[in-house]
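To start, the structure itself, in structure tokens.
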Amino acid sequence: MKRCRHVRISERCARQTGVRAAAGLLLFALAGRLQAQPLEGPLGPPRAIISLGFVVASAKPAGDQWHEGFGGELAVLAPLRLGMGMPFAAGGFGQLQGMDGFSGATRVSGGVRLQAWMLGFDMGFAQQSGDDFHSATGYVVLAPGLQAGPGALALRFSWPVTGGAHWPRETALTFTIRLPLLLGGEGRRRGPQ
């Protein structure tokens, strides 16, 4: 007869598994309540917000010196309310930056922007032109950040997705001044018809 081998699970491993399972159940329970809905106010739902911005970036490509970038940004956000009353906005952005005062490479990027309270998160793609040592490079970009009033500070991570003598991965600190404009103002007042 063959003997059965028993696998022993350490107490620490069992605790970690229990914590993960509890966290997963909590997220699953919250996900049912977090259904995005348009905001409703006394004057109806607000419309999309467009913001124009000025971007300053200090970027450090791997194995290279620091580079400064200056440029502009255009973003559109739609305000939403999650089931638990959390303010939330989702939309898109586009940026144009000149590296080293537009004497170096030019960087064009765009993607999705998510914002909840002061926390923001950009994810998208960027294309940076080449120079004497690098070919044009496409990047996947992730940028978590904070927004307070018109100022936004973000840590931008860029990973190259093109081959050849491309620019290396890059980490940058960006500061943006955004001027938001409410498109169309508040909706029409709702009342008895």
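Bear in mind that the values in this text are calculations on the coordinates, not laboratory data. Everything quoted here is computed from the prediction, not taken from an experiment. Positions of Cβ are backbone-derived with ideal geometry, glycine not excepted, and every protein chain shown enters the neighbour counts.
The table below lists the values:
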item: Packing rank of 151-162, 69-80, where each peptide gets the mean count of other beta carbons within 10 Å, highest leading; result: 69-80, 151-162
item: Mean projected area in nm² (Cα convex hull; one quarter of hull surface) for the stretch 107-173; result: 4.5
item: Alpha-carbon centroid distance for the pair the stretch 127-143 / the stretch 50-78, whole angstrom; result: 14
item: Contour excess over end-to-end distance, with Cα ends at F121 and T162 and 0.36 nm allotted per residue; result: 12.4 nm
item: Charge-dipole axis of the stretch 49-182 as Lys and Arg at +1 and Asp and Glu at -1 on Cβ define it, positive-most pick from A172, F88, Q128; result: F88
item: Value of Rg to Rh for the stretch 49-182 (Rh from inverse mean 1/r over Cα pairs, i.e. Kirkwood); result: 1.00
